[in-house]
Amino acid sequence: MVSVRPSRAEDRLRLARLYAEVASERRWIGGEPPVDVEARTESWSLEGDFVAEVDGEIVGNIHVDASKHGYGEVGMAVASEWRGRGVGTALMEAAIAWARERGLHKLTLGVFAHNERAIALYRKFGFVEEGRRVKHYRRQNGELWDSIEMGLLL
């Protein structure tokens, strides 16, 4: 059973390791290896940050970076073996509830155009495509990837 809770200081190292694990796939998030896990651990922001746990193991993370303009930028990572098992849904529910509690009027995110499962998840929650950044992200292998910008009015 997946449970979601706010991230705590003692989670930072495990969160940095999860980020490094997903980055090593070179497909789903902006980060690519090598990831400086120690630096990432030290800089991890806990405000607006949630973990998904199964039996004490962190299997996913979502972060809402609230701006002074009333919107929040969302970033999410789920361990490969836990994708398609409700982790993203549980994390998104927590992030949306947190954003509403803080009076944010909108959530935004960027997702790689090839990440169809993530796009389907965001659409399930009412996110709509607001634009596309063509050949926006240069990957280490030289490829240029599009990003779909999505938003949800709360």
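Structure above, values below:
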{"read-out": "At least 18 Å along the helix axis (C-alpha) and Kyte average at least -0.5, DSSP helices within the chain", "value": "87-101"}
{"read-out": "Sequence-distant lysines (8 or more away, or on other chains) whose Cα lies within less than 17 Å of residue 106", "value": "68, 124"}
{"read-out": "For the range 3-153, size of Cβ-based charge dipole, Lys and Arg +1, Asp and Glu -1, in debye", "value": "440 debye"}
{"read-out": "Point-to-point label distance, residue 41-residue 149, nm (Cα→Cβ direction, 7 Å offset)", "value": "3.6 nm"}
{"read-out": "Solvent-free Debye scattering, log10 I(q)/I(0), computed from the Cα coordinates of the range 78-147 at q = 0.28 Å⁻¹", "value": "-1.24"}
{"read-out": "Square roots of 5 times each gyration tensor eigenvalue, C-alpha, the range 27-99, largest first, Å", "value": "19, 18, 12"}
{"read-out": "Extended-chain gain in nm, criterion 0.36 nm per residue less alpha-carbon gap, residue 9 and residue 134", "value": "41.3 nm"}
{"read-out": "Low-density loop cleavage sites - GluC sites (Glu not before Pro) in the range 42-133, where at most 13 other Cβ are within 10 Å (DSSP)", "value": "47"}
{"read-out": "Contact order normalised by residue count of the range 1-132, Cα under 8 Å, 6+ apart, percent", "value": "23 percent"}
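Where a number appears in this text, it was derived from the coordinates with a stated rule and is not lab data. Computed from a predicted model, the values in this text were never measured in an experiment. No Cβ is skipped: glycine too gets one built from the backbone with ideal geometry, and neighbour counts run over all protein chains shown.
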